[in-house]
1. Compute the relative contact order of the range A:81-140 as a whole-number percentage, counting only Cα pairs closer than 8 Å that sit 6 or more residues apart in sequence.
2. Would you grab the residues whose amide H sits under 5 Å from the one on B:ARG105? Only those 5+ places off in sequence or on another chain, please, with H modelled 1.01 Å from N.
3. Could you tell me whether the range A:144-244 comes out rounded, prolate or oblate from its Cα gyration tensor? Rule is a ≥ b ≥ c as square roots of the eigenvalues, rounded for a/c under 1.5, then prolate if a/b exceeds b/c, otherwise oblate.
4. Counting other C-beta atoms within 10 Å, which of A:SER17, A:SER406 has the fewest, and how do the rest follow?
5. Counting DSSP beta bridges in chain A, what percent are antiparallel, to the nearest 5?
6. Rounding to the nearest 20 debye, state how big the charge dipole of the range B:124-174 is about its Cα centre with +1 on each Lys and Arg Cβ and -1 on each Asp and Glu Cβ.
7. Quote the convex hull volume per residue of the range B:107-266, based on C-alpha atoms, as a whole number of Å³.
8. In whole Hz and in residue order, list the ³J(HN,Hα) couplings for the range B:169-183 that follow from phi through the Karplus curve 6.51 cos²θ - 1.76 cosθ + 1.60, θ = phi - 60°; x for Gly and Pro.
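Just so it is clear, none of the values below were taken in a lab; they were calculated from the coordinates. Nothing here was measured: the structure is a model prediction, and the numbers come from that model. Glycine gets a Cβ as well: all are built from the backbone with ideal geometry, and neighbour counts include every protein chain shown.
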Amino acid sequence: MKTFPIGGVHPSENKLSRAKAIEVLPLPEVVQIPLGQHIGAPATAIVAKGDKVLTGQKIAEATGFMSANIHSPISGTVQAVDMQLNGQGLRQMMITIKREGDEWVETIDRSTEIKRDCNLEPAAIIAAIKEAGIVGMGGATFPTHVKLSIPPGKKAECLIINGVECEPYLTSDHRTMLELGEEMLVGVEILMKAIGVEKAYVGIENNKPDAIAHLAQLATKFKGIEIVPLKVRYPQGGEKQLIAAITGRQVPPPPALPIDVGAVVCNASTTYAVYRAVQKQMPLIERVVTLTGKEVKNPKNLLTRMGTPISALIEAAGGLPEHAGKVINGGPMMGRAMVNLDSPVTKGCSGITIMSGKDAERKTPGQCMKCAKCVSACPMGLEPYLLAKLAQKKQWDEMEAQMITSCIECGCCQSTCPSYLPLLDWVRLGKQTVMGLIRARMAAQAPKK
Amino acid sequence: MEVLLYTILTLCALGVLAAVILYFVAQTFKVEEDPRIDDVEKMLPGANCGGCGFAGCRGLADALVKNDDISSLFCPVGGGETMKAVATYLGKTAAEKEPQTATVRCGGTCEKRPRTNQFDGAKSCAVAASLYVGETGCAFGCLGYGDCVKVCNFDAIKINPKTGLPEIDADKCTACGACVKACPKLVIELRKKWPKNRAVYVSCVSKEKGAHVIRACKAGCVACGKCEKVCPFGAITIENHLAYIDPQKCKLCRKCVNECPTGAITLVGMDPLPKAPKPAPKAAPAAAAAAPAAAPKSVEGPATIALKASGTNPLILLNPKKAVMDSAAATSVAGNVVELKESGKNPLCLVRGKKAE
């Protein structure tokens, strides 16, 4: 069975909500929509306090190419466009909307029947995706229209759909593939047309045999779509790992992109959103969020409107467990612990994991014993112990030479460390600083040209 | 025996030969270096802290000798005296800078600023700051993991376990600025060093609105503007919901300290002015008499600035005692603290006394 060549770990899967069908969360009374919920420039608000908005109406416009539109997830009145606390307790520009009824923009097709044929030109498909404000829903939130706009001189050879969901606990992509599989495959067809390829692979780890079987059966109705079962290994859902696992090609270090090896990767939930955007004119205003945790009463997969406070999801799953220690936006490996539970669900929020008791606590770090477990676990072939040390010594130039920019922040190093060293904390800090330095350098060079 | 003799002789011969070769090599490849660099380096403190912007003292010494204009170079550790000595030796003019000391502008102690969560990541301010708001609700204040302590070469900063905040030993601090650079929240500032380590500063850097500040921290600046109004020297400005005391304009009159409703203005090395003053019947006429005499003097210098700045509050403008304070400032432009202290005794007392009448 296929998998990526180097590094990786296999954390306990804990897919507690795998058998729970997608439930629709009741509409929230108030939503907060951050303007920056994607990679790139934050969107620009086009509504002001007091404006009435309909569900699906555009409320913020992309600022430039590397940005994404944002639409209202509910109908009601805009209460404020101001700085509000996000999950990390920091202030961020958000649009606050109070709900009044549920009126939709008329052009949106809300029926559930599957619309198979798509007669649009590739450029029109990409325009529709851009208009709907679709970004990568696996967590990275890279604007999808940017990914699909193949730069001149490069050619896409295959499309890869990421249904791996290697992150422990999370099951939102799994349930989407299982319950909305056919729609997703239509989405695959649309994406293939948009980038002009004949071949698409859907990579799924074999801890989801039901999804593999279901999609394999459906795929017989479609041309050029192949379901690829993959060996369970984290971080297979990483873009570069998935390309390596399926095509055997290695993406060179940054600034190279997957397109340099002829691949375009798109997440399963994103593909479903693409189907809805192109065939039903439905903007990205809702997504499936897994709410899970060992002590959560009813782990669930909830179809949630964007901007819903996370506390509402926790309530829907039976409330915050007694010994809850950390509430993580995302899964335990890549997610970020939150301090503000009233922060909203965003486009990249695939799950909320509640860790309780001892699971929530990190163990006391010891000394690095140079066992190099982190080196063998790193899927990018880096040396995490060295990078962490360099970050502590603030040797940013040396870190850049050690390819820190390749780091995908998967956390394999930290999870294998027998001394419980906070390697990822340091590596992330180093990556952030080095990226900042590179940007500053580029900005300094730009005017000279 | 002969063997031993030959061995010793051979070794000696080899030694002599090597010495001769080394002598000529050293002569041929000699690096000419200005001997003054060594001398200047000896004059510098030798802490190699990097406060001057160079990697070490030798770097600065090299630059001092090679550059004709050394006004941009300064050794914060040695201070003005060292620079003067170096400049005299080199026959150049050195930059003059007043002594400074690092100041921690955060008063969010464990008591005043309740912890809302616990951070179990790498114990570093830089890491915590890159991840989230911090253990308290304040996004601007000190995180308390001691990045500043780690970079201090002079053992001048310690975290006080009771308050959870760093404390600076002004006697040890050399104002090299390492802690200023290390603090990701920009809490530490280099401020003018007064005699006896006296200081008045706003110990808050939060740019949040007052209501948000007070929710997170009881000792935060809520930008009420009282200090700005009371300051006779126009030293206090409020920008981004935050008061800032300009160390160059401040004369340590301490009026602002009592005005601050949250106690965000910190006073070091001095007693605060009496808080609940009663009218002093004898002092009042004396002061009133002194006022007209002093007032003309206050037309020039900082007093005028102060009056302009405090022009938003007519009560202060009309206050005669205010003029006394101003005149004191006018005559003590050089920063004579003693004089200011004397003439400024109980100024608030009179303000209230007048008002009561």
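1. 16 percent
2. Sorted by chain and number, the residues that satisfy this are B:ILE188, B:GLU189.
3. Oblate, since a/c reaches 1.5 and b/c is not below a/b.
4. Neighbour counts put them in this order, fewest first: A:SER406, A:SER17.
5. Looking only at bridges with both residues in chain A, the antiparallel portion is about 60 percent.
6. Numbers: 4 positive and 6 negative charges, 15 e Å.
Result for the range B:124-174 is approximately 80 debye, rounded to the nearest 20.
7. On the way: hull volume 17.8 nm³, N = 160.
With only Cα atoms used, the range B:107-266 gives 111 Å³ per residue.
8. For the range B:169-183, the Karplus curve yields 8, 5, 6, 8, 5, 10, 6, 6, x, 5, 5, 4, 6, 6, 6 Hz.
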